[in-house]
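Any read-out appearing in this document is the output of simple, stated calculations on the displayed coordinates, not a laboratory observation. All figures in this text were calculated on a predicted structure; none of them were measured in a lab. Positions of Cβ are generated from backbone atoms using ideal geometry, with glycine treated the same way; all protein chains shown enter the neighbour counts.
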Amino acid sequence: MIPSLRRRFNETWSPEKYAAFLGLLRRRCGEPVQFPHSETPCFLPAELVDRMARYGVEMVDQLLGDAEYRRASGEAIPAAYRVPRENPVPLFVQADFGLDENLEPKLVEIQGFPSLYGYQPVLAEAYREAYGIDAALRALPDGLGEDEYQALLREAVLGAQDPETVVLLEIEPWRQKTRHDFKITAETLGIGVVDVQAVRKRGNRLYYDRAGREMPIRRIYNRVIADELERRRIRIPFDWRDDLDVEWAGHPDWFFRLSKFSLPFLRHPAAPWTRFLDTVEKVKRPEDYVLKPLYSFAGVGVIVGPSAAQIAAVPTGERHNYVLQERVDFRPVIDTPAGPAKMEVRIMYIWLGRLRPVNTVVRMGRGAQMGVDHNKHMQWVGASAAFLSGGDHP
């Protein structure tokens with residue numbers, strides 16, 4: 001995206017530097033990384049990332065001001081997952097964008113669920129150290145410094161609670177591919193990482209084991225995906241509908257409200273046309289669309305350019321749980337020795353007083369999607385980080 005920086009990086013890249021980068025991550029995380037990481041960071045104009053960030057805020061504002069969306073999204077929360085005392089706004093928001101043929105940002109999806117807030121700064125620092133990235137290139141948007149970022153994350157996750165009474169809750173967390181994020185978050189904030197199956201409930205309170213001591217849980221940094229609970233038929237020691245004496249750092253209702261479900265309600269130049277599948281009578285050119293299940297995670301079940309038969313195969317009673325979205329072919333914009341690569345930029349927000357962009361996640365790929373399964377056996381693809389330039393590079 002910034003030709004001079006891209007050219008200089010490609011000319012000085014070496015397998016040894018990439019190995020050093022992976023080694024830095026391995027030492028920081030305590031084991032090799034669990035998913036592919038690109039050989040390169042992405043050098044992006046700060047103005048472009050600022051524009052994506054602004055678009056995300058505009059879309060969330062539009063949704064929260066839409067009475068019909070608020071009603072419909074509330075009704076869409078499955079009865080078994082309607083958690084009491086919902087927060088009026090999402091604490092964490094992620095908005096994913098790609099660039100179309102005119103280099104205009106287009107929304108992929110938006111979600112009210114936390115992402116790699118602990119891991120991403122470590123990833124950026126590993127790129128910076130291994131490749132000698134100029135300190136003048138910022139890794140954080142909105143003028144944030146690292147100390148301010150960590151303070152915002154600490155406030156969002158801990159609230160006013162003692163870190164020992166705050167847990168990151170996940171399903172078998174140490175078997176997840178994102179466990180390095182959990183480890184770094186726990187080390188940075190002093191919280192526990194707890195398997196949702198291992199908590200104990202007495203009355204309306206939850207407890208967990210912390211180094212042999214039973215500790216009350218006052219606040220939950222929720223990373224549990226309902227879809228995974230359902231898919232794996234996991235039973236947990238409490239009911240989501242219980243009125244528990246606990247705070248939520250990321251109220252679970254927003255996983256359903258601010259999700260693919262919200263896409264058909266968006267009216268924004270950066271939001272592709274999207275409709276619930278049960279409202280679509282006939283699709284003339286199905287290859288021009290993307291078929292998405294509402295609540296899957298990490299691209300599971302998404303079909304890019306479906307056939308008419310694949311659309312028709314969705315059972316009538318399930319069609320309201322799918323959306324059909326206009327397909328945007330993202331332009332390959334990262335020049336690499338293995339050929340041009342596409343990128344998807346996730347703007348990560350925290351809502352404390354206002355919805356503020358605080359970091360980015362970048363994924364690079366050449367397949368139909370950015371996920372690992374669509375970019376197997378490729379180089380210069382995978383997870384990456386963004387470094388932002390204010391425009392002083394040609």
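Going through the DSSP H helices of the chain, which span 20 Å or more along their own axis at the Cα atoms while scoring at least -0.5 as a mean Kyte-Doolittle hydropathy? Span-like helices here: 15-29, 46-64. Candidates Pro105, Ile220, Gly203 compared by Cα position along the dipole of the chain: farthest toward the positive end lies Gly203, with charges placed on Cβ.
I need the shape label for region 233-336. Rule: rounded when a/c is under 1.5, else prolate if a/b > b/c, else oblate, with a, b, c from the alpha carbon gyration tensor. Because a/c hits 1.5 or more and a/b exceeds b/c, region 233-336 counts as prolate.
Taking R0 as 22 Å, what's the FRET efficiency between Glu318 and Lys282 from their Cβ-Cβ distance, rounded to 0.05?
The formula returns an efficiency of 0.75 here.
Only Cα sites of the chain enter the Debye sum here, all with the same form factor; the resulting log10 I(q)/I(0) across q = 0.11 1/Å is -0.83, listed in q order. Ranked by the mean number of other Cβ atoms within 10 Å of their residues, highest first, the peptides 234-240, 85-91, 52-58, 115-121 come out as 115-121, 52-58, 85-91, 234-240.
Using θ = phi - 60° in the Karplus curve 6.51 cos²θ - 1.76 cosθ + 1.60, the 3J(HN,Hα) couplings for region 104-112 round to 8, x, 10, 5, 8, 6, 9, 8, x Hz; x is entered for Gly and Pro. Bridge orientation summary for the chain: considering DSSP beta bridges with both residues in this region, about 75 percent are antiparallel. For region 212-356, the relative contact order comes to 20 percent (Cα pairs under 8 Å, sequence separation of at least 6).
When only the Cβ of Lys, Arg, Asp and Glu is charged (+1, +1, -1, -1), the dipole of the chain relative to its Cα centre reaches about 740 debye. Its Cα centre serving as origin, region 1-143 has a Cβ charge dipole (Lys and Arg +1, Asp and Glu -1) of approximately 500 debye. For Glu68 and Ala309, the FRET efficiency from 1/(1 + (r/R0)^6), where r spans their Cβ atoms and R0 equals 25 Å, is about 0.15.
What is the list of residues in region 330-368 whose amide nitrogen lies under 19 Å from a point 7 angstrom out from the Cα of Arg7, following Cα to Cβ? Within reach of a label on Arg7, which here means backbone N under 19 Å from a point 7 Å along Cα→Cβ, region 330-368 contributes 333-341. Computed from point charges on the beta carbon alone (+1 for Lys and Arg, -1 for Asp and Glu), the dipole magnitude for region 104-164 about its Cα centre is near 200 Debye.
Stretching Arg354 away from Arg267 to a fully extended chain increases their span by 29.2 nm, per 0.36 nm per residue minus the current alpha-carbon distance. State log₁₀ I(q)/I(0) for region 26-78 at q = 0.23, 0.30 Å⁻¹ as given by the Debye formula over alpha-carbon point scatterers of equal weight, solvent excluded. After summing over all Cα pairs, the log10 values are -0.87, -1.11.
Using C-alpha pairs below 8 Å separated by at least 6 residues, the relative contact order for region 1-98 is 26 percent. When the charge dipole of region 113-207 is built from unit charges on Cβ atoms (+1 for Lys and Arg, -1 for Asp and Glu) and taken about the Cα centre, the candidate among Tyr117, Thr165, Tyr127 whose Cα reaches farthest toward its positive end is Thr165. Relative contact order, whole percent, for the chain stands at 26, derived from Cα pairs under 8 Å and 6 or more residues apart. Note on Asn102/Phe35: beta-carbon distance plugged into 1/(1 + (r/R0)^6) with R0 of 30 Å gives a FRET efficiency of 0.45. Given Gly382, Tyr149, His268, which one lies farthest toward the positive end of the charge dipole of the chain, if we put +1 on the Cβ of every Lys and Arg and -1 on the Cβ of every Asp and Glu? So the residue we want is Gly382. Place a point 7 Å from the Cα of Ala20 along the Cα-to-Cβ direction; which residues of region 117-143 have their backbone N under 19 Å from it? Residues passing the 19 Å test: 122-137. For region 37-169, the alpha-carbon radius of gyration amounts to 1.27 times the rule-of-thumb value 2.2 N^0.38 Å expected for a compact globular protein. Put simply, region 57-103 fits an ellipsoid with semi-axes of 27, 13, 12 Å; these come from the alpha carbon gyration tensor as the roots of five times its eigenvalues, largest first.
Net length available on complete extension from Arg51 to Ala136 is 28.5 nm, with 0.36 nm assigned per residue and the Cα-Cα distance removed.
Please list, by residue number, everything in region 46-66 whose backbone N is under 17 Å from a paramagnetic label point 7 Å out along Cα→Cβ of Ala76. Under cut-off, by backbone N: 59-66.
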